Protein chains: 2
Amino acid sequence: MDVGTVLVYDRREAEAYAQALRELGVSARLAVAFDPEAARALVPEADILLAWRFPPELYALARRLRWVQCMGAGVEDILSAPGLGPEVLVTRVVDQFGPSIAEYVFAELLARVRRLDETRALQRARLWRPFVADRLAGRRMGVAGLGSIGRELVRKARAFDMAVDGLSRTGSHAHLVDRHFGPDAWLEFVAELDVLVLTLPLTPATRGVVDAQVLGAMRPGSLLVNVGRGALVREEDLVRALDAGRPGGAVLDVFEREPLDPASPLWEMPGVTVTPHVSGPSRTREVAAFFAENLARYRRSQPLMGLVDRAAGY
Amino acid sequence: MDVGTVLVYDRREAEAYAQALRELGVSARLAVAFDPEAARALVPEADILLAWRFPPELYALARRLRWVQCMGAGVEDILSAPGLGPEVLVTRVVDQFGPSIAEYVFAELLARVRRLDETRALQRARLWRPFVADRLAGRRMGVAGLGSIGRELVRKARAFDMAVDGLSRTGSHAHLVDRHFGPDAWLEFVAELDVLVLTLPLTPATRGVVDAQVLGAMRPGSLLVNVGRGALVREEDLVRALDAGRPGGAVLDVFEREPLDPASPLWEMPGVTVTPHVSGPSRTREVAAFFAENLARYRRSQPLMGLVDRAAGY
């Protein structure tokens with residue numbers, strides 16, 4: 001089956017993606033665009049789009065488009081593009097980011113309980129000052145979102161002997177956690193957590209869901225970790241909540257607007273860690289391999305991996 | 001059964017241990033000593049000794065001593081005390097340090113792969129510079145010593161999807177690791193490792209076992225982690241080996257002499273992390289509870305937990 005033309009769009013890695021696809025033996029016609037102007041010229045003839053941050057206004061020019069494969073896990077910008085025909089399939093990368101994101105989360109959690117910053121300062125000063133570190137074991141983690149990323153967090157939290165609660169829309173993985181909460185039970189969910197980790201997709205239902213009320217229900221000394229999407233959290237509410245001590249700190253890899261504004265107070269608030277959206281990087285070869293497998297399924301009319309339920313938003 | 005007098009010795013926490021034992025309902029007579037002079041006066045009447053770093057020369061004064069419970073995991077100083085009668089039972093704390101030490105090891109490993117120091121510097125400068133971090137997943141860890149600490153490391157390494165090899169004397173836990181090596185196969189053991197973690201006890205057979213030859217067999221870019229005993233590693237050899245790039249770095253929580261000499265080159269060598277023996281702290285209440293349980297076993301003439309094989313040295 002001739003699948004037509006695949007338009008590969010990424011501002012930095014488009015050619016690397018095309019090269020990886022060729023090395024994987026993908027035989028489809030590839031069109032490559034690095035910028036919106038090139039994309040504008042190529043999108044009318046594209047049957048399939050493999051892209052990251054494709055300019056939303058260009059979807060209206062796509063006459064033949066049947067399938068969009070996002071290079072990442074978050075598709076909120078694609079789904080909200082006004083020109084995207086309702087019949088176009090949208091897929092996102094799944095099952096690839098869990099290990100990286102979980103390593104990021106446990107790196108940050110362990111750095112805090114083991115006081116790594118303080119330990120480094122002792123070493124620089126050549127000071128031998130033993131202390132009894134805190135432990136993750138026995139602490140309670142709440143994982144909001146039990147997709148492939150959330151489930152990888154649960155798995156590692158179990159290896160650290162943490163208690164784990166979960167919140168998800170469908171409840172289909174409720175058996176993995178000690179206590180499961182639905183999306184109407186945020187306040188009960190967060191009340192007893194030591195660590196709340198957000199892995200939710202951004203949808204109309206989740207935008208801004210972590211607001212002043214939810215933050216105020218967190219325990220003093222607890223920690224918010226956002227590795228999902230920045231707009232899950234109302235950032236203004238978060239700044240005020242941190243000032244009030246609930247939660248006691250935050251590890252933030254995603255923000256309402258990225259890059260984070262250099263004037264944001266978050267950069268310098270005590271107890272706040274800011275990282276530049278590095279928790280779950282898209283690795284070109286791995287994403288290319290995911291797409292190649294999906295393309296083979298597409299040719300055979302088999303179910304695609306990571307197919308998005310456009311009504312649910314992920 | 002009257003167990004006689006328990007001498008509790010610790011330079012900092014002796015009274016806290018005695019208090020914890022009373023709270024646990026231990027009814028034995030307790031004698032408490034904070035310093036060698038007090039210990040010298042009390043040791044002749046002691047039937048049981050619960051101690052950390054008991055002055056070795058005082059064992060010769062013990063006339064009634066039948067059992068020494070070490071407050072930690074390492075007993076090499078007790079076993080080498082010339083005055084310790086061959087009939088005295090020696091026990092060490094087991095099954096308590098694994099989770100703490102494993103959290104320490106993974107904190108340090110994850111801090112390196114996730115470049116936490118660099119990330120903190122970016123935050124201080126309010127710079128948004130994304131990067132693709134390395135991953136633990138797929139790396140190979142070698143665990144030397146498969147006691148309760150080593151096995152906890154294996155368990156967590158599996159949760160991070162690492163390959164795990166092991167080296168131990170008895171091989172009784174060989175089934176937990178991908179490849180198992182005996183103590184005559186150090187060079188083969190270390191040759192393919194990304195990370196070598198030492199959890200061995202210090203015995204005549206293990207003292208200085210990680211020498212120039214073993215270090216030179218490690219891969220460039222590999223990492224040595226010592227959470228066992230400092231004297232497992234020949235420190236002079238290590239300094240030279242690090243200079244030569246094999247291993248590529250080290251995380252050291254224990255040293256030949258502690259505190260580490262402020263003049264040691266290890267404090268400032270690139271790729272070397274020095275911490276002040278904090279990986280597996282003895283927690284007073286937990287160690288007291290371990291001793292209380294062992295004392296109950298002792299009264300009932302049941303096998304003691306953590307009983308040391310004095311010939312094997314641990």
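The values are calculated or read from the model by the stated rules, or taken from the named source; none is laboratory data. None of these values were measured; they are calculated from a predicted model. FYI the Cβ positions are ideal-geometry reconstructions off the backbone, even for glycines, and counts take in every protein chain you see. Heads up: the accessible areas ignore ligands, DNA and RNA and are worked out on the full protein's heavy atoms, side chains in. Shrake-Rupley method; radii C 1.70, N 1.55, O 1.52, S 1.80 Å.
Taking the inverse of the mean 1/r over every pair of distinct Cα atoms in the protein assembly as shown gives a Kirkwood hydrodynamic radius of 27.4 Å. Restricted to Cα atoms, chain A shows a radius of gyration and a Dmax of 21.3, 69 angstrom.
Accessible surface computed residue by residue for chain B, with neighbouring protein chains in place and a 1.4 Å probe, gives 42 Å² per residue. Annotation for B:Pro36, label-to-label distances across the other copies: 7.8 nm (shortest first, one decimal, point 7 Å from Cα along Cα→Cβ).
One Cα centroid belongs to segment B:24-54, the other to segment B:130-154; the line between them spans 40 Å. Pairing chains B and A buries close to 4900 square angstrom of accessible surface in total, based on protein heavy atoms and a 1.4 angstrom probe.
With the cut-off at under 19 Å, measuring from each backbone N in segment A:84-110 to a point 7 Å along the Cα-to-Cβ line of A:Asp178 picks out A:106, A:109-110. Across segment B:98-274, Cα pairs under 8 Å and at least six residues apart give a relative contact order of 16 percent. Relative to the other identical copies, B:Glu268 shows label-point distances of 3.1 nm, where the label point lies 7 Å from Cα along the Cβ direction and values run shortest first. Label separation (B:Ala137 vs B:Arg53): 4.3 nm, computed from points 7 Å beyond Cα along the C-beta direction. When the Gaussian network model of chain B links Cα atoms closer than 10 Å, the mean-square fluctuations of B:Gly25, B:Gly228, B:Gly147 top out at B:Gly25. Between A:Arg207 and A:Arg124, the modelled label-to-label distance comes to 4.3 nm, taking each label 7 Å out from Cα in the direction of the beta carbon.
Cα gyration tensor of segment B:98-274, axes a ≥ b ≥ c as square roots of the eigenvalues: rounded (a/c below 1.5), prolate (a/b > b/c) or oblate? Oblate. Entry note, the protein assembly as shown: the mean residue ellipticity at 222 nm calculated from DSSP H runs of n ≥ 4, each adding -39500 (n - 2.57), is -8500 deg cm²/dmol after division by the residues and rounding to the nearest 500. Of the GluC sites (Glu not before Pro) found in segment B:49-113, the ones in coil according to DSSP and having at most 11 other Cβ atoms within 10 Å of their Cβ are B:Glu87. The other copies place their A:Ala296 label points at 5.9 nm from this one, listed shortest first, where each point is 7 Å from Cα along Cα→Cβ. Among the protein heavy atoms of the protein assembly as shown, carbon and sulfur supply 50% of the accessible surface, probe 1.4 Å, non-protein parts ignored. Measuring nothing but how far apart in sequence close Cα pairs (under 8 Å, 6+ apart) lie, relative to its length, chain B scores a relative contact order of 16 percent.
Each of B:Leu202, B:Gly166, B:Pro262 was placed along the dipole of segment B:98-274 (beta-carbon charges, centred on the mean Cα), and the one lying farthest toward the positive end is B:Gly166.
Using θ = phi - 60° in the Karplus curve 6.51 cos²θ - 1.76 cosθ + 1.60, the 3J(HN,Hα) couplings for segment A:147-152 round to x, 5, 6, x, 5, 5 Hz; x is entered for Gly and Pro.
To the nearest 20 Debye, how big is the dipole of the protein assembly as shown about its Cα centre, given +1 on the beta carbon of each Lys and Arg and -1 on that of each Asp and Glu? Roughly 640 debye for the protein assembly as shown. Determine the residues within segment B:98-115 where the difference in accessible area between the chain on its own and the full set of protein chains amounts to at least 50 Å²; count protein heavy atoms only and use a 1.4 Å probe. Those are B:Glu103, B:Ala107, B:Leu110, B:Arg114, which lose 50 Å² or more relative to the chain on its own. Given +1 at the Cβ of Lys and Arg, -1 at the Cβ of Asp and Glu and no other charges, the dipole of chain A around its Cα centre is 780 debye to the nearest 20. The residue of chain A whose Cβ sits closest to the rotation axis that maps A onto B, together with that distance in whole Å, is A:Ala159, 2.
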